[in-house]
1. With a 1.4 Å probe and every protein chain left in place, tell me how much accessible area Asp344 has, in Å² to the nearest 10.
2. Can you tell me how much longer the chain between Lys632 and Leu28 gets when fully stretched, taken as 0.36 nm per residue apart minus their C-alpha distance, in nm with one decimal?
3. What order, most packed first, do the peptides 516-526, 236-246 have when packing is the mean number of other Cβ atoms within 10 Å of each residue?
4. With only alpha-carbon pairs counted, each pair once and no self-pairs, how large is the Kirkwood hydrodynamic radius of the stretch 9-54 in angstroms?
5. Largest first and to the nearest Å, give the Cα extent of the stretch 1-77 along each principal axis.
6. Between Leu104 and Asp555, what's the calculated FRET efficiency when r is the beta-carbon distance and R0 is 51 Å? Round to 0.05.
7. What nm value, rounded to one decimal, do you get for the distance between Trp413 and Lys891 when each label is placed 7 Å out toward the C-beta?
8. In terms of the ratio Rg/(2.2 N^0.38 Å) built on C-alpha atoms, what value belongs to the stretch 184-228?
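The values are calculated or read from the model by the stated rules, or taken from the named source; none is laboratory data. Please read these numbers as outputs of a predicted model, since none were measured by experiment. Cβ placement follows ideal geometry from the backbone for every residue including glycine, while neighbour counts extend to all protein chains displayed. All accessible areas refer to the heavy atoms of the entire protein, side chains included, with ligands and DNA or RNA removed. Shrake-Rupley method; radii C 1.70, N 1.55, O 1.52, S 1.80 Å.
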Amino acid sequence: MFQNRKIRLGLIAAIIVLLMIFSRLVGLFVDWLFFGETGYQFVFTRVLSAEVIASLCFGAFAFAFIFINTIFINRVQLPAISLSIDGHTTLSLDTAKFGKMSRLLGLAASLLVGIMGALWGGGLWHQILFFFNGAKTGVTDPVFGKDVGFYLFTLPLYESLSSFIGFLFFIAILLSVVVYTLKRAFFLNRFKLSMIKEVRIHLGILAGLMLFKTAVGFYLDRFGLLYSTHQIITGASYADIHARLFALNVLIFLAVIAGILFIAGFVRGNYKISLYPVGAVIAFYIAGIGIYPGLLQNFKVTPNELDLEKPYIQNHIAFTKYGYGLEKIDLKPFNVSYNLTAKDIQQNDTTIKNIRLWDEAPLLKTLSQLQQIRTYYRFTGIDNDRYTIDGKYRQVMLSARELSYDDLPSRSWINEKLVFTHGNGVALAHVSRITPEGLPEFIVKDIPPVSTTKDIKITTPEVYFGELTGSYVVANTKIREFSYPTAEGNVYGSYKGSGGVAIDSLFKRLLFSAYFKDAKVLLSSDIAEGSRILYFRNIVERIKKLAPFLQIDKDPYIVTSDNGKLYWIIDTYTVSTRLPYSKKLRSNVNYMRNSIKVTVDAYNGETKFYLSDPDDPLAKTYDTIFPGLLKKISEMPEDLRKHIRFPRELFKTQASMFATYHMEDPKTFYNKEDLWEIPTHSEKSMEPYYLIMKLPGEKNEEYVLLIPYTPAKRDNLAAWFAARCDTPNYGRLIVYTFPRDRLVFGPRQIDARIDQDSYISQQLTLWGQRGSRVIRGSLLIIPIESALVYIQPLYLAADDKGGLPELRRIIVAYENNVVMEENLEAAFKRIFGGKQTSLQTSQDKEPLKKTGINDLAREANKTFERMIQLQRQGDWAGYGEHMKKLENLLKEMATK
């Protein structure tokens, strides 16, 4: 019975192992087909081959090492053991059977450690490829004089190998001690430990080699000093160089001597010779690493910290700036002068017409109510971009209309996988223009997409690959796919693209059914010979699958090409945690570059990688490892390349770092005399914002990313940071510093001035009491010529959750003036005077031409319907405005 139970357990274990192997093989083949579909099978084979070779090498070495040790263990014969019970009955242990069991257990332990070694090695494929293909950086560390590439590409594998060898020694020693103890190879004779000679030799050599490995660890720890964290700096400090580094060098020598003496003493049975050197290593480690550096720090460094730490502070500043790409920032003075005139405003007409009045959150809510069309469509976020529209450079905000499977009216397998397969088009609006109702003025809207300009057209609106497309679908089936709804009924179509994998055999249907754990893929009669299965459709998941070594930006954005197709552009980062002396982020990253831009065709899923920073050593190394993966940025189609932008995620990191590391003088840095901060607005840090503007000294407007700085714990402005997004100046960083001898208002001060304005505060209070909710938008600081203009939009929405945000007022602050008007044009006119030019609303650009009684009646009826709508929403401010408008229309009708 016991034997049968063991057989059953063995069968169950075998089945589990086979299922795991089968699942792994299915996953590998599905991945192979996916990489084949995208044209990157060479990436798959390079990574897989590196994993397999590393697994085999590490696994074989681990197995061989433990197995050889078990051979030595099993050479020691177990002495006869007999037990006497009551002086009559004697029990004896069968040493032959025990020896056989010991050999079987040794083989099992060797196999287990071999498997662990294989898994360990397979996980190091990235480090191994880096080790053999790492690029030189041309930058050397100031302590050991090694190229930074050594720390990025070589040292990580050395440390992993050291840990792996240490693990094997630990397992071998532990296994040996346990088995030798069971074999009674140790015994005490008058409180003196004795052991068989073969055991002494075996354990002595193992322990001695472990000490040699410890010496190697001390050698590698020397380089680890360049990552140490201190109160002031990251990297080796005075105490590290003059105490810990010296101690580690001595420990290397002591550990080697201790290893030699341990082997010699242990083999001879003289344990004092073996243990005293080990004790000396431990004692010196405690004194040299634990005690002496602290004493040196407290009694020598701290009283003279600035002088002694000066060169190490310089190292920390230089390498942190290198790590985050801040070493080439162009610092320029910005002498603020408030002498803008109406002529200056007209000369900066492009900047003013591109001031973003719509915040992302209110616009997203507005789009969801106006352009979602059906409940199963969803806008996930707002993207900021620029296009040339009617010959003029215009900033726009847009969002993809994706399909939300969670909101489908009927969530059957056929609906989710065969019928509802894609989203449809985008909604695209001006950043500054508003309708008379306070809503965004759309350039592209509705389903199918309708454009108001010939410069932006969408001929392929289907979004098969996006941010919400998390599951697989099957296209070109016998069931036609839902395309878009109309007033007359739904329109259906079929997939004409080349994306996905053709399901052209029973084997593939079996394969995908097993992979997705969905039998319907195999059994469905609706899947035809020409059907294609589209998977890894989420663009972030898709890139992670193709290039798992890249860190992906959180804000992919969608663009339209000149031929009307939709593409996603995704910023990716090459990152490392291994740069010496560089300050670490919370994720431990201390090196970051936006070196690779990725495009994904929203219809076909075609994914391409473009190298935007050829000087990045990490990107160079990836290009060497995967030749053909990265294309030159000049090979990106021009209609897509003109939409690349500097990513906000990287810019926020750089801005945060530069707030401290613009202080290059060690004394200034040490005392934090000129520390900056990202200003707060509405109780949270300001976000960088895109703007089309003319930088000081430049002739033409360009697309830039901005963020201001304030001095630490102060509210006035200290500087503003700009990243240029347009070619040929893409990626150039500029910081404009304000004079210290005059006050330049910061966001908190402008907010206070707005709140102190009696008229504005009275209106805000009044609107808030009329069933409406006042939403104060982001405060934008706009540089115009040598002055700063502050702009804040105000939105009104009903108190209920479904309230539609409407842009109702715009606050403009300039020097000592604060005004609030219905549109930007009126606000600028109040401050600067001059001839009016159309800046904002669509009604400004369309003068009233309806003078007939019928035209006036239609306009009055439209206004009345809008009043009813505003009344239901609780927007009494808007209701009052439209009532006044209706009154004027009725008076005009009375004169006809």
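1. 30 Å²
2. So the extension gain works out to 214.4 nm.
3. 236-246, 516-526
4. 12.0 Å
5. Here the Cα extents, ordered largest to smallest, are 60, 36, 6 Å.
6. E(calc), rounded to 0.05, equals 0.30.
7. Each label point lies 7 Å from its Cα, and together they span 7.0 nm.
8. The reported ratio for this selection is 1.84.
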